[in-house]
1. Would you tally the net charge around B:Thr562, using a Cβ to Cβ cut-off of less than 15 Å, leaving B:Thr562 out, and scoring K and R as +1, D and E as -1?
2. Would you mind calculating the gained length between A:Asn348 and A:Lys162 on full extension (0.36 nm times residue separation, minus the Cα-Cα distance), in nm to one decimal?
3. If each of B:Lys136 and B:Leu363 carries a label point 7 Å out from its Cα toward its Cβ, how far apart are those two points in nm?
4. Suppose R0 equals 60 Å. What FRET efficiency, 1/(1 + (r/R0)^6) with r the Cβ-Cβ distance, do B:Asp76 and B:Asn708 give to the nearest 0.05?
5. Could you check the simple spin-label distance between B:Asp218 and B:Asn293, using points 7 Å along Cα→Cβ, in nm with one decimal?
6. For the protein assembly as shown, would you read off the P(r) tail past 44 Å as a percentage of all alpha carbon pairs?
7. With axes computed from alpha carbons, what is the tilt in degrees of helix B:615-628 against the longest principal axis of chain B, rounded to the nearest 10 within 0 to 90?
8. Taking a label point 7 Å from the Cα of A:Gln309 along the Cα→Cβ vector, which residues of region A:178-211 have an amide N closer than 19 Å to it?
Amino acid sequence: MLLHTKQITVAFILFFVLLLLSTSCSHGNKKTAVSFYYWRTNYALKANEIEALRNNSVTKLYLHYFDINYEPSLSRAIPVVPVTFSQKMVNSIEIVPVIYIKNNVFENSKQEEMGALASNTWHLVSQINASASIRINELQFDCDWTVNTAHLYFAFIDSFRKYLVQNNQPVKLSATIRLHQIKYSDKTGVPPVDKGVLMYYNMGKINTSDLLSIYDRPTALKYIGACKKYPLPLDIALPIFAWCIHLRDGKVVELLSKMDERDMLHDSLFIKTGNFRYRANNSFFKNGFYFKAKDEVKVEQMGQNQLIQMAQDLSNNCNKNVYQIIFYDLDSLNISRYDAQIFKQVANYFY
Amino acid sequence: MMRRFSNKSLIIFISIIVAGAGIVWACADGGWDDGGNSSFTPESFVDTAYAPFFYSDQFYYGIGHDEAHVQRFNDDVVNEWQGYLGISKSDTELHYFLLQARKGIVDSVSQYFENASNPLPKEVTHFSMVQNRDSKKLKAFFTFLVYAKANEAYAAVVSYYWDYDTSKKQTLSDADKLIRIGLESQFSKTKDKFIKQRYWFQIIRSYFFGADYNTCIDWFEKYKDDFTQNVMYYRAMSYEAGAYYKQKKYSQANYLYSKVYDAGAAFKTVAHYSFHPQNESDWNATLQLCSNNQEKATLWQLLGIYFDEQRSIKEIYQLDPKSEKLELLLSRLINIEENRVSGYDRYGYDVSTHITSKDSAKLQTLQLVERIANAQNTSKPYMWQLAAGYLHFLYEDNAKASQYYTLAKTTLPQTNLLQAQYRLLLFINQLASFKTLDAAAESKLLPDLEWLQTLNTEKMGLHNFRYTTAYSWAKLNMSAKYKKQNEWLKAECFAHQDTFYTDKKQTANMKAFLQKANPSSFEQYCQNIYPVKTTDINEFQAIQLAFEDRINEAITLMKEGTGSATQLLGNPFNGRIRDCHDCDHEAAQKIKYTKLSFLEKLKEMQDKIAVNQDVYANNLLLANAFYNISYYGNARYFYECQVIGGEFLLYSFSPNMFDNMLVDNHLAMGYYKKALAAAQTDEQKAKCTFMIAKCTQNEMYNAAFKKNKDFDFGYAYLGPVDFSAMQNFKNTKYYQDVIDECGYFREYLHLKK
């Protein structure tokens, strides 16, 4: 009996330990943090954006510093529209610079050019930091690299890290990882960074079909199982942006950024023709875009339920530590489509 | 019958030229330009001031992106000051002060003009401009320049891509604002209109960069009537427009941008780039601001360039059928339509190449252009008639096209480019209308074909003339028609077929055709355009004969062949355990063989064998030679020629072409076997045995390639080679050498163990 009691005691202790482990988040008691990307080219937070940062106790803002693009007319990679600042930074919020590098940079470069590209990039980042009195602990690269460009992209990151060491900068590096790069990491390689961010959007093609380019659950589910095996710690980036796709004669004309369904819904110049579909009944200007009569608009925006669904799917499939959910992107238009508590609600699924 | 540009082979042909991949057959029809696949040259009809807006895959045709923001008006600035100061155009001093001198130097010179006791900077002491201190104009110039140089610090910054400090938006410092007070004081004091206007401009610009938009606008409005409407005036107006734009007053901003756009060629791109209506309300308000139809036409032209040529043409035509603003839009409309119809899609989206009779875009375009062409009330009726004709050609109605061309001829001006454009359109329409190509058709087409073949656009004053696509299309169209008529030689002359020379009879026929004693004019033209000449065919036939071991005949033809003197890179008689072409090419060679001398050496060896002289050695060398001229050997140069092509890898050959011949090692194998039979020592036998195994291995590759054209030669592994015959020569040095050099052999031994 005694033995039995002991066994029961051990079992109980074990049970409670397990219970503790399973109910607390897998990275201690710390809650999964809410963060945002800021992607406009001028840093000037609007009132509801500041409120969103405050309400969600945001301590990190991923600030888009600039793009790097390959310019064929110059035969070299150049930075595009470095961010400017019209406001002082919020003291309590750490800035993480994000640099989007178009894959064409690596498609058109040679290994021996990576050192110069890294040096130029660091030089520009330091100038931006200095101009806005920003001290950084982390820097993020965003690139949809492929099997063919992986070796150059990774060589670039290695060179960049060398510059950090040479300049005595204790800066951690992170990189965005697309779903296909998670699933086929043995082919696409794993970037030599300290941390990855799983980009849980831009899954489909921008086209005329009814499938959404931002998020398509069946597509996503085919890939997320691979999260568990990914060799880097992963944060998760979720889409709160919207865009509309401007269609003409069955072809894509352009992306109508900073527009959502509200723009068409309350405008008599458009006729609703279906779910998230509108047609221009005349030729006219709207929000700086020109529509010809019979042009179509396909709206893509994520509802709250979809965000919750993403969180459920991801938390069920990624059993690794998720320290933060980064929402793309912090913009008054985007924020205004959601209830104030949705961001925390989504993050809560991960602990 | 192939009539439209939508023909698939044309698209492929275009791609080949663009990619530069048609090594043998992409004959030089002329350059490739921004016109893409166009045959309708906007320069024929439209004022060149509008050239940046010609339809192309660049943002601005011929420019790309406009990056001339800092230096755009440099020449105007220098010229205007030269006129004002009465300085000769060749004088470099003014140019130096205006565009190069540092602010410090200008400051010192200005102070010197104020008071001679102030020293002149050493850089300019010898300048004649500083010798005349009494000149009021010069003094005023240097006073002004001090302010202008100070303002350049924020208004004329040359940005460097990777430098944040110059690439970001410039703002005014407090010191800059103090300078503005000085500028305003100078403006009040100055009576001279020339100088006063320049202070006015500087002040307006300073308020713009200082983000004081209301004052910027006020300054322009208050004094605008005091000055002539020159370049400086419209530069100032640009800042007023920018100020309205910054205030989100889009209707005023866009109205002013349109006025600036109309002010001259130099303003066009920058004003167009700034023009951005936001919503229908501000666009309508912009139209309301116009004081006449010409201003409205400018606004519609800007809208047309950006978004909607058809709508703008209709609106402008209604305002003023004679408006020159219509011409650019019509050229864009036609260039866009020909691009759509041709199916060559420069933006990478899928474009249907099939234009049906119910195609709504086609009907709209045609209806609009025909309506205006028929009314004959524009300032260039012939442009509308040619456009209508060309649309009918694109839509395969040659009779209607012809009617419009006939109409156009009556008013067509005698300029080189227009006449050439007219002739080209007429030619392709005539060709398209011929169902078959008989002698009568050929004689009608020949003058135009010869004209296109020898066209030198620069010499003939036809700069920018777009004819290459039409000529390429014409050749493909004719080739296809000849094929239908079973005229294979002409079909081949107009468009090469990969398989043509795989047929020996056709090869001989072509040679006879090219050598024809009294060719007709048309046949002569065919001979001229055909990139393969008789000597090329001789060389090709010699190569074919060599691969059949018919060396005597090969020598005869090679002597009359194009590449007879072409040197082979390595010694073609080498036989290596492990092939290394680069090693052979780099190795010192006492004798460098040409294609011809190589063949002659083969004959010499064969003659020796015939009289039993050095039978082993000669057979071995012949075997090595036949090995080396195959795809696997060190002398691929031997078979590279105009007909077969050059620098190809095997997998780039078309099926059924020459691949079987080039990869085949059976001749080499045969000679190795003969050498083996004549071998006397084990060393000799070991060598022949191993080389036979090498040929056997190549046959395995060939078989794999025949089975699967995607077979990768570089990486594929086909399993162990049978080296069992080598077991008889274990005691030879050669056997040890093979172990050292040949991985396959080591692997084989390991497997056996």
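1. Within the 15 Å Cβ shell, the charges total 0.
2. Numbers: separation 186, 0.36 × 186 = 66.96 nm, distance 3.73 nm.
Between A:Asn348 and A:Lys162, full extension yields an extra 63.2 nm.
3. About 7.4 nm, to one decimal.
4. Values: r = 67 Å, r/R0 = 1.12.
Rounded to the nearest 0.05, the efficiency is 0.35.
5. With each label point 7 Å from Cα toward Cβ, the separation is 4.0 nm.
6. Cα-Cα pairs of the protein assembly as shown separated by over 44 Å account for 58 percent.
7. The two axes meet at around 30 degrees.
8. Within reach of a label on A:Gln309, which here means backbone N under 19 Å from a point 7 Å along Cα→Cβ, region A:178-211 contributes A:179, A:199-207, A:209-211.
All of the numbers you see were taken from the coordinates with simple rules; none came from a lab. Keep in mind that this is a model prediction, so the values were computed, not measured. Glycine gets a Cβ as well: all are built from the backbone with ideal geometry, and neighbour counts include every protein chain shown.
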